[in-house]
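The values are calculated or read from the model by the stated rules, or taken from the named source; none is laboratory data. Because the structure is predicted, anything quoted here is derived from the model rather than measured. Virtual Cβ from ideal backbone geometry, glycine too; neighbours counted across all protein chains shown. Keep in mind that these areas ignore ligands, DNA and RNA; they rest on the heavy atoms of the full protein, side chains included. Shrake-Rupley method; radii C 1.70, N 1.55, O 1.52, S 1.80 Å.
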Amino acid sequence: MTSYHPPASFFFSVSLFRDGEWSSDTSFQEVSGLQVEPQRVETIEGGDNRFVHQIPKPAKRSNLKLKRGITPANSEFVRRCKAVQEADPGRPIAPFDKIIHLLDSNGDPTMTWKLTKAWVVKWSTDHFDASKNTLALETVEICLRDP
């Protein structure tokens, strides 16, 4: 029997689908928001109000948040963010696909999340503080369209 060791959460990769192939953009410090929450509607039975039925609804997905050090403007992901930020309101936003791999100690994927039809909904930087010696960070929040 082999023993199972849960993977460490600090070894992961994020890739962006562009021009027909997956390419790694830059390293991210943090990925959060990989969650799905089942939804339900409570319905009281008509006539005999003693029973409440729970009916499933489509699941609610949270936005994915990616945090990293601020990168140069020629980064593919920064270009995607700017395209949404500067988009003409009359034109549709072009969604993209992302893939997140949780890696083992050899750098091989142990778990994979493929995010389709994603688009940037928020792009922000952390505050700057002259009294601290920390990296300048940016956070990109991504919304997933319904399948």
Margin query: Can you give me the accessible area per residue for the chain, using a 1.4 Å probe, in Å²?
Written below: 72
Checklist line | Of (1) 42; (2) 56; (3) 51, the label for percent of Cα pairs over 23 Å apart derived from the coordinates | finding: (3)
Check: Using a probe of 1.4 angstrom, how much of the accessible area of segment 87-134 is carbon and sulfur, in percent?
Finding: 52
Notebook entry, point to check: Taking Cα atoms, how many degrees apart are the long axis of helix 76-85 and the longest axis of the chain, rounded to 10 and kept between 0 and 90?
Noted result: 60
Notebook entry, point to check: Which order, highest average first, do 40-48, 132-140, 62-70 follow once you tally other Cβ atoms within 10 Å for each residue and take the mean per peptide?
Noted result: 62-70, 132-140, 40-48
Checklist line | Rounded to the nearest 10 Å², the accessible area of His5 at probe 1.4 Å | finding: 140
Check: So, in segment 63-147, how many Lys pairs have Cα atoms under 27 Å apart, if the pair is 8 or more places apart or on different chains?
Finding: 21
Check: Taking only C-alpha pairs under 8 Å that are 6+ residues apart, what is the relative contact order of segment 40-147 in percent?
Finding: 27
